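S.K.: Questions regarding the structure given below will be posed in turn.
The values are calculated or read from the model by the stated rules, or taken from the named source; none is laboratory data. Model, not experiment: these values are computed from the prediction. Backbone-built Cβ (ideal geometry, glycine too); neighbour counts: all protein chains shown.
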Amino acid sequence: GAAAPRARADEAQVSGSWTVHTGPFDADFFSDFTETDSGIAYKKVRPGSGEKPVAGQKVFMQYTGYLLDGKRFDSTYDGNRGSFAFRLGKGKVISGWEATASGMQSGMRVIVRIPPKYAYGGQGAGGVIPPDATLVFYMELVGLGSIKP
């Protein structure tokens, strides 16, 4: 009946609850992250299983994005939007996402800190992300789709 959409929205809120963060992200928060040579740092929150995506493959991601000051700027969990889909290696997402997604498996959850040069750089984005912003994403790979070269 009429309760179904509400229940689905509640489920989305619950499934996104692991992405809730309050206040600025400080050095302590990142102390157990693995830093890559590029300066992208990540922490696996939950392991995944199966294959990692390959170039040209459709990737379905749930995410919440933050600025370092703790301002939340976007989330697929809002309003039960559902996962965000993109094709790996096609330059449709920031390069920090490409790098992170390529190492993930279905069901895996990571928190990743992406420096500006692998995010939106000096130009920022859409009046929401300021120039030279380091971003923090909570990312969950929810599934893989077709591969197109």
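S.K.: Here's a check for you: in segment 103-121, which residue that is of a type in the set (A, V, I, L, M, F, W, C) and in a loop (DSSP other than H, G, I, E, B) is nearest to Gly39 (Cα to Cα)?
M.R.: Residues of segment 103-121 that are of a type in the set (A, V, I, L, M, F, W, C), as a first pass: 104, 108, 110-112, 114, 119.
Next, from what is left, pick out any that are in a loop (DSSP other than H, G, I, E, B): 104, 108, 119.
Details: Met104: 18, Met108: 21, Ala119: 12 Å.
This residue is Ala119.
S.K.: Please indicate, with yes or no, whether at least one residue in segment 110-126 is of a type in the set (Lys, Arg) and under 24 Å from Val54 (Cβ atoms).
M.R.: Initially, segment 110-126 is screened for residues of a type in the set (Lys, Arg), giving 113, 117.
Filter again for under 24 Å from Val54 (Cβ atoms), leaving none.
The answer is no, given that none of the residues of segment 110-126 is of a type in the set (Lys, Arg) and under 24 Å from Val54 (Cβ atoms).
S.K.: Further question on the same structure: Considering (1) farther than 24 Å from Ser15 by Cβ; (2) in contact with a Phe, Trp or Tyr (Cβ under 8 Å, 6 or more places away or on another chain); (3) acidic (Asp, Glu), say which one Asp37 fails and leave the rest.
M.R.: (2)
S.K.: Do you know which residues across segment 95-119 are hydrophobic (A, V, I, L, M, F, W, C), out of contact with any Gly (no Cβ under 9 Å at 6 or more places or on another chain) and surrounded by 21 or more Cβ atoms within 10 Å (Cβ to Cβ)? Show your work before the answer.
M.R.: Let us first name the residues in segment 95-119 that are hydrophobic (A, V, I, L, M, F, W, C), namely 97, 99, 101, 104, 108, 110-112, 114, 119.
Keeping just the survivors that are out of contact with any Gly (no Cβ under 9 Å at 6 or more places or on another chain) gives 97, 99, 101, 111.
Of everything in segment 95-119, those that are hydrophobic (A, V, I, L, M, F, W, C), out of contact with any Gly (no Cβ under 9 Å at 6 or more places or on another chain) and surrounded by 21 or more Cβ atoms within 10 Å (Cβ to Cβ) turn out to be Trp97, Ala101, Ile111.
S.K.: Only one residue in Phe33, Phe86 is crowded, with 16+ Cβ neighbours inside 10 Å, in contact with a Lys or Arg (Cβ under 9 Å, 6 or more places away or on another chain), over 28 Å from Lys148 (Cβ atoms) and not aliphatic (A, V, I, L, M). Which one? Explain how you work it out, then say what you get.
M.R.: Working: Phe86 fails: over 28 Å from Lys148 (Cβ atoms).
Residue meeting the stated conditions: Phe33.
S.K.: Can you tell which of Gly103, Gly96, Gly89, Gly56 is over 25 Å from Pro130 (Cβ atoms), modelled with pLDDT of 95 or more and either among the charged types (D, E, K, R) or in contact with a helix residue (DSSP H, G or I) (Cβ under 7 Å, 6 or more places away or on another chain) (or both)? Outline the logic, then answer.
M.R.: Values: Gly103 fails: either among the charged types (D, E, K, R) or in contact with a helix residue (DSSP H, G or I) (Cβ under 7 Å, 6 or more places away or on another chain) (or both); Gly96 fails: over 25 Å from Pro130 (Cβ atoms); Gly56 fails: either among the charged types (D, E, K, R) or in contact with a helix residue (DSSP H, G or I) (Cβ under 7 Å, 6 or more places away or on another chain) (or both).
Step by step, each of Gly103, Gly96, Gly89, Gly56 is checked, and only Gly89 is over 25 Å from Pro130 (Cβ atoms), modelled with pLDDT of 95 or more and either among the charged types (D, E, K, R) or in contact with a helix residue (DSSP H, G or I) (Cβ under 7 Å, 6 or more places away or on another chain) (or both).
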